[in-house]
Amino acid sequence: MSLDPEALLAEAAGADTPAFALLVGHGWAVARAAVGLARRLAVGSVDLAFVEQAAVLHDVGAAFTDVPELGLTGGEAYIRHGLLGREFLDARGYPHHGLVCERHVGVGLTRDEIRARGLPLPDRDMRPVSLEEILICYADKFFSKNAARLDAVNPLAKVRRRLGSRGHDKLVVFDEWVARFGLLS
């Protein structure tokens with residue numbers, strides 16, 4: 001089955017919309033970084049084509065959320081964008097790409113966290129599992145959805161500050177990834 005990430009983003013967000021431009025620009029920035037990390041690791045088992053496609057699509061579910069300052073007017077809570085992306089891609093026959101969507105939020109969400117915070121998400125673990133999922137999740141942390149800075153790599157201190165505000169456990173996971181993968185170049 002042939003996959004065109006930009007066509008799927010256009011289907012979700014509407015072609016020629018600010019949301020589409022944002023999601024495509026952000027997705028490609030994350031894809032370039034994730035593929036670069038995978039190549040640098042020189043791990044033969046990483047499917048680079050999958051990493052690229054899934055990275056471009058990782059935020060497709062954001063098209064269904066309501067964040068007007070980002071041009072997103074889909075009505076759903078942003079915390080659900082990973083799940084919504086999974087549902088969208090599952091329905092189109094791309095379940096592995098969908099898992100990347102579901103599992104990339106923050107450094108992943110645990111079942112306990114979903115329960116404790118009363119998040120409007122299924123009662124299940126949503127943390128990245130495969131190396132491809134982790135690489136995409138890691139690369140994503142370095143890029144914002146600021147339309148003027150889509151390709152700008154956020155400094156490590158800024159990324160750590162943002163994740164640290166969500167809990168020390170998030171920072172521990174991220175710091176393990178920094179040690180494993182190094183910084184984006």
Legend entry - Single residue of ALA157, ALA139, ALA91 found to be closer than 25 Å to ALA19 by Cα, over 11 Å from the mean Cα position of the chain (by Cα) and not β-branched (Val, Ile, Thr): ALA91
Legend entry - Tally of residues being among the charged types (D, E, K, R) and not in a loop (DSSP other than H, G, I, E, B) across region 107-152: 9
Inset, instruction - Answer yes or no as to whether ARG166 is part of a loop (DSSP other than H, G, I, E, B) and either surrounded by 17 or more Cβ atoms within 10 Å (Cβ to Cβ) or out of contact with any Phe, Trp or Tyr (no Cβ under 9 Å at 6 or more places or on another chain) (or both). - result: yes
Inset, instruction - Would you check if GLU52 is more than 16 Å from LYS145 (Cβ to Cβ) and crowded, with 18+ Cβ neighbours inside 10 Å? - result: yes
Inset, instruction - Specify the residue that is surrounded by the most Cβ atoms within 10 Å (Cβ to Cβ); the eligible residues are those in region 1-30 that are under 15 Å from ALA54 (Cβ atoms), in contact with an Asp or Glu (Cβ under 8 Å, 6 or more places away or on another chain) and touching a residue at least 60 places away in the same chain (Cβ under 8 Å). - result: VAL30
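FYI, it's all coordinate maths here, none of it is from the lab. Please read these numbers as outputs of a predicted model, since none were measured by experiment. Note: ideal-geometry Cβ built from the backbone for every residue, glycine included; neighbour counts use all protein chains shown.
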